[in-house]
Amino acid sequence: MAHRLALVGGDGIGPEVVAEGAKVLDRLEALDGFATERVEYDLGGRRYLETGEVLDDATLEELASFDAIYLGAVGTPDVPPGVLERGLLLKVRFTFDQYINLRPVKLYPGVTSPVAGLTPERCDLLCVRENTESVYAGAGGALYRGTPNEVATQESVNTRHGVERALRYAFEAATTRRNHLTLVHKTNVLSYAGDLWMRTFEELGDAEFPQVERDYVHVDAACLYFVTQPERFDVVVTENLFGDIITDLGAAVQGGLGLAASGNLDPTRRKPSMFEPVHGSAPDIAGTGRADPVAAVMSLGQLLAFVGEHRSAARVDRAVGALLSERAGSVPDGVGYSTGDVGDRLVELVAEV
């Protein structure tokens, strides 16, 4: 039975990097004997500017029937901030209950980190971010807007249900790696939300995962340790806003957003999960052939692992590692390699390594 995939190129370089990922996917299907049924959707800033719609209910209902969504990037300078983020990305996350955001932070051999002397052996961790609560739940409002007396409130929503399921996913992930889980929060200041996270962390660990070593780090200290001691971490779990911040710091440590993949997951598989590179739409280089598709292909690897094609997912990881080693020391950040060249080489490498 074919895996049903919705392909959303989006804006800027998004369609370009998704096209390269699709080329790699074609090769993997031939190598490993599985099939996909793919449907392309035109969603993003361009569609919004043309039609005034971001994501209508009929399209959302269609997307619900797929096994996974493969997204390039959305965003264009002509669309006000928040329109696409809330109307498309967060709408998909909340409607499909994609309650886990999964971000690997892995330094590949040959990649130069801005952290002097960092080696791959010291940087291989997994960030598990709760993805549907905290300040992103949209609770809050404004009074006296536009006046000297304006008041804005943005509330953080944390439920036992949401916290526990995120922690359970992180504990389970830790059992497949090095049996070490670090909770990142700010319990000394955020005493209500932090208390809920900490109590649930300890109770769940004691009752269900006694084999997993537990650690706690304040989020400000975690930012320090991500740079100075990334080897301290195996699996990191945190709430939505803190996760949004520290995962981009992790991307910088591993070599930049061009090497950062992500998955927005519904682990129950009742609704589709969404996989995307986190580099954004980069409209300034769209159409120039300078977009690096590596993060999009890495996100494809996450998608394949999630739908059960683990052999192909492993091929992607090895191919990315081989590609990055090949171009190490030649030119920075892949400059000099066209988007298509990188995609073509990855198509070759998935069959060779």
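The values are calculated or read from the model by the stated rules, or taken from the named source; none is laboratory data. For clarity, every value in this text was computed on a predicted model and none was experimentally measured. For neighbour counting, all protein chains shown are included, and Cβ atoms are generated from backbone atoms with ideal geometry for every residue, glycine included.
Counting only residues that are farther than 18 Å from Leu90 by Cα and either aliphatic (A, V, I, L, M) or in contact with a Ser or Thr (Cβ under 7 Å, 6 or more places away or on another chain) (or both), how many does the stretch 224-271 have? Residues flagged as farther than 18 Å from Leu90 by Cα and either aliphatic (A, V, I, L, M) or in contact with a Ser or Thr (Cβ under 7 Å, 6 or more places away or on another chain) (or both) within the stretch 224-271 amount to 16. Of the listed requirements (1) touching a strand residue (DSSP E or B) at 6+ places or on another chain (Cβ under 6 Å); (2) buried (at least 18 other Cβ atoms within 10 Å of the Cβ), Gln154 misses just one: (2).
Listed here are the residues, each with its yes/no results for (1) aliphatic (A, V, I, L, M); (2) within 28 Å of Phe306 (Cα to Cα); (3) modelled with pLDDT of 95 or more.
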{"site": "Arg103", "(1), (2), (3)": "no, yes, yes"}
{"site": "Leu126", "(1), (2), (3)": "yes, yes, yes"}
{"site": "Asn131", "(1), (2), (3)": "no, yes, yes"}
{"site": "Gly140", "(1), (2), (3)": "no, no, no"}
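No other residue among Gly343, Gly321, Gly243 is assigned by TED's automatic domain parsing to the domain that holds Val74 and touching an Asp or Glu at 6+ places or on another chain (Cβ under 9 Å) apart from Gly343. Summed over the stretch 41-98, the residues that are loosely packed, with under 13 Cβ neighbours inside 10 Å and among the hydroxyl-bearing types (Ser, Thr, Tyr) give a count of 2. Of the strands (runs of 3 or more DSSP E) that lie entirely inside the stretch 61-160, those containing 1 or more residues that are over 19 Å from Leu7 (Cα atoms) and under 17 Å from the mean Cα position of the chain (by Cα) span 100-106, 124-130.
Residues checked against (1) of a type in the set (Asp, Glu); (2) at pLDDT below 95; (3) within 21 Å of Met298 (Cβ to Cβ):
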site	(1), (2), (3)
Thr182	no, no, no
His185	no, no, no
Arg199	no, no, no
Glu203	yes, no, no
Pro210	no, no, no
Val236	no, no, yes
Phe275	no, no, yes
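Close Cβ contacts (under 9 Å, 6 or more residues apart or on different chains) running from residues in the stretch 185-212 that are surrounded by fewer than 13 Cβ atoms within 10 Å (Cβ to Cβ) to residues that are part of a helix (DSSP H, G or I) and of a type in the set (Asp, Glu) comprise Glu203/Glu164. Within the option set Leu49, Leu25, Leu43, Leu5, being part of a strand (DSSP E or B) and hydrophobic (A, V, I, L, M, F, W, C) holds for one residue only, Leu5.
Looking for whichever is touching a Gly at 6+ places or on another chain (Cβ under 9 Å) and in the same structural domain as Leu126 (by TED's automatic domain parsing) here; the options are Arg165, Arg199, Arg214, Arg177. Which one fits? Within the list Arg165, Arg199, Arg214, Arg177, the selection yields Arg214. Take Val18 and tell me if it is assigned to a helix (DSSP H, G or I) and under 19 Å from the mean Cα position of the chain (by Cα). Judged against the criteria, Val18 is a match.
Residue-level analysis places Val157 outside the set of residues that are in contact with a Ser or Thr (Cβ under 9 Å, 6 or more places away or on another chain), under 26 Å from Ser262 (Cβ atoms) and at pLDDT below 95.
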